[in-house]
Amino acid sequence: MSRQIVFALSLFFLTALFPKLPALSYTGTIIDGATKRPMEDAIVTLQNVVVRSDHDGKFQISGDGDAFGLRAYGYARQSIAVGDLKDRTAPLVLTPMCRRRSIFRSTASAAPSYARQHSASSTKPTGRAGN
(Lines give C-alpha, C1' and ligand atoms only; values in the text may rest on other atoms or scores of the structure.)
Protein backbone atom coordinates (compact mmCIF):
# COMPACT_ATOMS: atom_id res chain seq x y z
CA MET A 1 0.00 0.00 0.00
CA SER A 2 2.78 2.42 0.89
CA ARG A 3 4.47 1.72 -2.47
CA GLN A 4 1.29 2.69 -4.28
CA ILE A 5 1.09 5.97 -2.36
CA VAL A 6 4.75 6.76 -3.06
CA PHE A 7 4.27 5.96 -6.74
CA ALA A 8 1.14 8.14 -6.97
CA LEU A 9 2.85 11.06 -5.22
CA SER A 10 5.96 10.81 -7.37
CA LEU A 11 3.84 10.70 -10.50
CA PHE A 12 1.94 13.78 -9.32
CA PHE A 13 5.15 15.72 -8.63
CA LEU A 14 6.67 14.73 -11.97
CA THR A 15 3.67 16.00 -13.85
CA ALA A 16 3.70 19.20 -11.80
CA LEU A 17 7.41 19.76 -12.50
CA PHE A 18 7.11 19.11 -16.22
CA PRO A 19 3.97 20.82 -17.46
CA LYS A 20 2.80 20.20 -20.97
CA LEU A 21 4.72 22.26 -23.50
CA PRO A 22 2.74 24.85 -25.39
CA ALA A 23 1.65 23.88 -28.89
CA LEU A 24 4.02 24.91 -31.65
CA SER A 25 2.95 27.46 -34.22
CA TYR A 26 3.56 26.96 -37.94
CA THR A 27 3.20 29.38 -40.83
CA GLY A 28 3.30 28.90 -44.58
CA THR A 29 1.96 29.87 -47.97
CA ILE A 30 -0.15 27.74 -50.30
CA ILE A 31 -0.03 28.23 -54.07
CA ASP A 32 -1.85 26.76 -57.05
CA GLY A 33 0.42 24.32 -58.87
CA ALA A 34 -0.93 25.28 -62.31
CA THR A 35 -1.00 29.09 -62.05
CA LYS A 36 1.65 29.56 -59.33
CA ARG A 37 -0.69 32.08 -57.65
CA PRO A 38 -1.56 32.17 -53.93
CA MET A 39 -4.64 30.16 -53.00
CA GLU A 40 -7.31 31.74 -50.86
CA ASP A 41 -9.44 29.52 -48.58
CA ALA A 42 -7.29 26.40 -48.88
CA ILE A 43 -7.84 24.20 -45.82
CA VAL A 44 -4.92 23.32 -43.53
CA THR A 45 -5.33 20.77 -40.73
CA LEU A 46 -3.09 19.67 -37.88
CA GLN A 47 -4.70 16.96 -35.75
CA ASN A 48 -8.08 18.49 -34.82
CA VAL A 49 -7.14 22.09 -35.64
CA VAL A 50 -8.45 23.48 -38.94
CA VAL A 51 -7.58 26.86 -40.52
CA ARG A 52 -8.00 28.44 -43.96
CA SER A 53 -5.45 30.38 -45.94
CA ASP A 54 -5.99 34.12 -46.42
CA HIS A 55 -6.20 35.99 -49.75
CA ASP A 56 -2.37 35.88 -50.04
CA GLY A 57 -2.34 32.10 -49.52
CA LYS A 58 -0.80 32.50 -46.05
CA PHE A 59 -1.82 30.47 -43.02
CA GLN A 60 -0.83 30.11 -39.38
CA ILE A 61 -1.72 27.04 -37.34
CA SER A 62 -0.85 25.96 -33.81
CA GLY A 63 -1.07 22.45 -32.46
CA ASP A 64 0.55 19.09 -32.00
CA GLY A 65 0.63 16.46 -34.66
CA ASP A 66 2.76 14.46 -37.05
CA ALA A 67 1.48 15.79 -40.37
CA PHE A 68 -0.34 18.69 -41.96
CA GLY A 69 -3.28 18.05 -44.23
CA LEU A 70 -3.78 20.39 -47.20
CA ARG A 71 -6.83 20.46 -49.42
CA ALA A 72 -9.01 22.69 -51.55
CA TYR A 73 -11.95 22.06 -53.84
CA GLY A 74 -10.73 20.75 -57.20
CA TYR A 75 -7.22 19.97 -55.95
CA ALA A 76 -5.51 16.76 -54.89
CA ARG A 77 -5.17 16.38 -51.11
CA GLN A 78 -1.69 16.42 -49.60
CA SER A 79 -0.15 15.34 -46.36
CA ILE A 80 3.13 16.97 -45.29
CA ALA A 81 5.20 15.83 -42.32
CA VAL A 82 5.60 18.47 -39.61
CA GLY A 83 9.38 18.10 -39.81
CA ASP A 84 9.31 19.11 -43.48
CA LEU A 85 7.69 22.48 -42.67
CA LYS A 86 9.79 23.63 -39.70
CA ASP A 87 12.54 25.31 -41.73
CA ARG A 88 10.78 25.41 -45.05
CA THR A 89 10.56 28.75 -46.84
CA ALA A 90 9.23 27.49 -50.17
CA PRO A 91 5.45 27.68 -50.64
CA LEU A 92 3.32 24.57 -50.40
CA VAL A 93 1.87 23.59 -53.76
CA LEU A 94 -1.58 22.10 -54.33
CA THR A 95 -1.97 20.35 -57.66
CA PRO A 96 -5.25 20.62 -59.57
CA MET A 97 -7.00 17.30 -60.13
CA CYS A 98 -7.17 16.10 -63.74
CA ARG A 99 -10.47 16.52 -65.41
CA ARG A 100 -11.90 13.28 -66.66
CA ARG A 101 -13.05 13.05 -70.24
CA SER A 102 -16.74 12.93 -70.63
CA ILE A 103 -18.16 9.55 -71.58
CA PHE A 104 -20.74 11.29 -73.73
CA ARG A 105 -19.96 12.58 -77.18
CA SER A 106 -20.72 16.09 -78.13
CA THR A 107 -24.06 16.40 -79.87
CA ALA A 108 -22.51 18.84 -82.35
CA SER A 109 -20.37 16.09 -83.91
CA ALA A 110 -23.32 13.70 -84.09
CA ALA A 111 -25.76 16.23 -85.54
CA PRO A 112 -24.53 16.28 -89.18
CA SER A 113 -24.73 12.50 -89.57
CA TYR A 114 -28.19 12.45 -87.98
CA ALA A 115 -29.36 15.16 -90.34
CA ARG A 116 -27.87 13.31 -93.34
CA GLN A 117 -29.62 10.09 -92.42
CA HIS A 118 -33.01 11.67 -92.02
CA SER A 119 -32.81 14.01 -95.00
CA ALA A 120 -31.79 11.16 -97.33
CA SER A 121 -34.54 8.84 -96.15
CA SER A 122 -37.26 11.42 -96.06
CA THR A 123 -39.44 11.91 -99.10
CA LYS A 124 -41.93 14.50 -99.99
CA PRO A 125 -44.68 14.67 -97.42
CA THR A 126 -47.67 12.72 -98.46
CA GLY A 127 -51.16 13.75 -97.81
CA ARG A 128 -53.19 12.07 -95.20
CA ALA A 129 -55.14 9.04 -96.13
CA GLY A 130 -58.61 9.84 -97.15
CA ASN A 131 -57.81 13.35 -98.48
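The values are calculated or read from the model by the stated rules, or taken from the named source; none is laboratory data. Here the structure is a predicted model, which means the values were calculated and not measured. Counting neighbours? That spans all protein chains shown, and the Cβs are built from the backbone with ideal geometry, glycine included.
Pairing each residue of the range 45-67 that is within 10 Å of Tyr26 (Cβ to Cβ) with any residue that is at pLDDT 95 or above and assigned to a loop (DSSP other than H, G, I, E, B), provided the two are 6+ apart or on different chains, yields C-beta distances under 6 Å for Phe59/Ser53. For the range 32-75, the candidate set comprises residues that are in contact with a Leu (Cβ under 7 Å, 6 or more places away or on another chain) and within 20 Å of Cys98 (Cβ to Cβ); within that set, the residue that is surrounded by the fewest Cβ atoms within 10 Å (Cβ to Cβ) is Gly33. The single condition among (1) under 19 Å from Gly83 (Cα atoms); (2) at pLDDT 90 or above; (3) in a loop (DSSP other than H, G, I, E, B) that Leu21 does not meet is (2).
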